[in-house]
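Okay, so here's the structure we're looking at.
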């Protein structure tokens, strides 16, 4: 039986878009008084394009679990190599990403998400001890990873 599917996109929060809009508007105001109008609009359009592409790229990362794989960004690991998954609260996440961090760990963290899931890697050939992955729903993600792990153990 396949593990239940879980999918999440770690999109940037609305407040980032609002702040970026204010930044671009401030840029436009500064440029429009210094250069001809057409050039000011070109500079502003380029700035908008850069902000949008940066936010979509940074926030477009996906975390997911399907029947065989746990995927976090570009990395993925098979269910047979996934160990215990623990949903962490904000303080535990801060410590796991800071003073308790292992330099060999795979980290997929976003500063606007305060909670994460710590997933052990049980592949003896893999030097990565664990993955630390941000999530808006860490309890659900941990349950999906546990189901993936138990499904792989039965296979």
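The values are calculated or read from the model by the stated rules, or taken from the named source; none is laboratory data. In this text, all values refer to a predicted model and were calculated from it rather than measured experimentally. As a convention, Cβ positions derive from the backbone with ideal geometry for all residues, glycine included, and neighbour counts pool all protein chains shown.
Please tell me if residue 141 is free of Cβ contacts under 8 Å to residues at least 24 places away in the same chain and over 12 Å from the mean Cα position of the chain (by Cα).
no
Report every pair of residues separated by at least 6 positions or lying on different chains whose Cβ atoms are under 9 Å apart, first residue within the stretch 6-19 and at negative phi, second loosely packed, with under 12 Cβ neighbours inside 10 Å and outside any strand (DSSP E or B).
Qualifying pairs under 9 Å: 11/56; 12/56.
Out of all the residues in the stretch 128-155, which are modelled with pLDDT of 95 or more and outside any helix (DSSP H, G or I)?
128, 129, 130, 131, 132, 133, 134, 135, 136, 137
May I ask you to say which residue of 51, 42, 46, 82 is in contact with a strand residue (DSSP E or B) (Cβ under 9 Å, 6 or more places away or on another chain) and either outside the structural domain of residue 122 (by TED's automatic domain parsing) or within 22 Å of residue 147 (Cβ to Cβ) (or both)?
Criteria check complete, one pass: 82.
Residue pairs, Cβ under 9 Å, 6 or more apart or interchain, first in the stretch 104-128 and assigned by TED's automatic domain parsing to the domain that holds residue 94 and free of Cβ contacts under 8 Å to residues at least 24 places away in the same chain, second in a loop (DSSP other than H, G, I, E, B) and surrounded by fewer than 18 Cβ atoms within 10 Å (Cβ to Cβ). List them.
127/104
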